[in-house]
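Visitor: Pasting in a structure now, in structure tokens, and then I'll have a few things to ask.
The values are calculated or read from the model by the stated rules, or taken from the named source; none is laboratory data. What you are looking at is a predicted structure, and each value in this text was computed from that prediction instead of being measured. Don't worry about glycine lacking a Cβ; one is built from the backbone with ideal geometry, like all the others, and counts go over all protein chains shown. These area figures cover heavy atoms from the full protein model, side chains too; ligands, DNA and RNA do not enter into them. Shrake-Rupley method; radii C 1.70, N 1.55, O 1.52, S 1.80 Å.
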Amino acid sequence: MVPADDLDASEQVHVNAGRLWAGGAATAVVAALAVVAGVLITRGVLGIPVLAPKTANNFGNSATTVYALLAAGAALLATALLHALLLGTPRPFAFFAWITALADVTVAAAPFTQPAPLASKIFTAIINIIVGVAVISLLSGVGRSAIRPVDVPSSGRPVRAR
């Protein structure tokens with residue numbers, strides 16, 4: 001059996017889609033909760049107004065809900081990306097790591113393009129990085145657990161390994 005990181009185009013794998021998407025859904029919940037926890041800590045504990053004016057409560061305002069839903073949606077999008085990579089690319093986990101890491105860098109830089117206090121920008125970027133790292137690490141593990149090699153005997157007919 002070849003380690004999942006070393007899969008290449010010549011190896012066939014079976015992707016357990018149910019397992020992959022169940023893990024993706026769980027990852028989406030983690031991403032949303034990471035946003036809520038990050039906003040609560042930043043606003044309620046540190047007193048730094050992220051996503052809403054200081055007059056909003058410790059959870060911010062409706063922008064926090066949108067932010068959490070976007071994080072969950074991004075996790076589901078990353079699951080779809082991983083699924084596609086597992087089905088057709090050589091070294092799918094290497095491509096997944098690069099694509100999602102670059103997306104994480106992008107969302108970490110995004111707050112610095114907005115007119116807000118520097119502390120708000122920094123802590124929003126930190127929340128984005130934490131969510132990104134959680135999604136990347138969780139889905140990488142989920143992806144590895146959702147694939148099984150397919151044995152191809154000399155007859156050429158694939159047989160799934162158990």
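Visitor: Tell me whether the range 117-132 contains one or more residues that are open to solvent by 50 Å² or more (accessible area, probe 1.4 Å), assigned to a helix (DSSP H, G or I) and touching a Pro at 6+ places or on another chain (Cβ under 9 Å).
Guide: Yes, some residue in the range 117-132 is open to solvent by 50 Å² or more (accessible area, probe 1.4 Å), assigned to a helix (DSSP H, G or I) and touching a Pro at 6+ places or on another chain (Cβ under 9 Å).
Visitor: For the range 62-78, indicate whether the set of residues that are at pLDDT below 95 and more than 21 Å from the chain's Cα centre (by Cα) is non-empty.
Guide: yes
Visitor: Still on this structure, I have one more. Quick one: PRO53 ticks every box in (1) open to solvent by less than 70 Å² (accessible area, probe 1.4 Å); (2) modelled with pLDDT under 95 except a single one, so which number is it?
Guide: Exception for PRO53: condition (1).
Visitor: Could you tell me which numbered condition ALA72 fails, if it satisfies all but one of (1) open to solvent by 30 Å² or more (accessible area, probe 1.4 Å); (2) within 20 Å of VAL135 (Cβ to Cβ)?
Guide: (1)
Visitor: Return a yes/no flag: does the range 110-132 have any residue that is basic (Lys, Arg) and without any contact (Cβ under 8 Å) to a residue 24 or more places away in the chain.
Guide: yes
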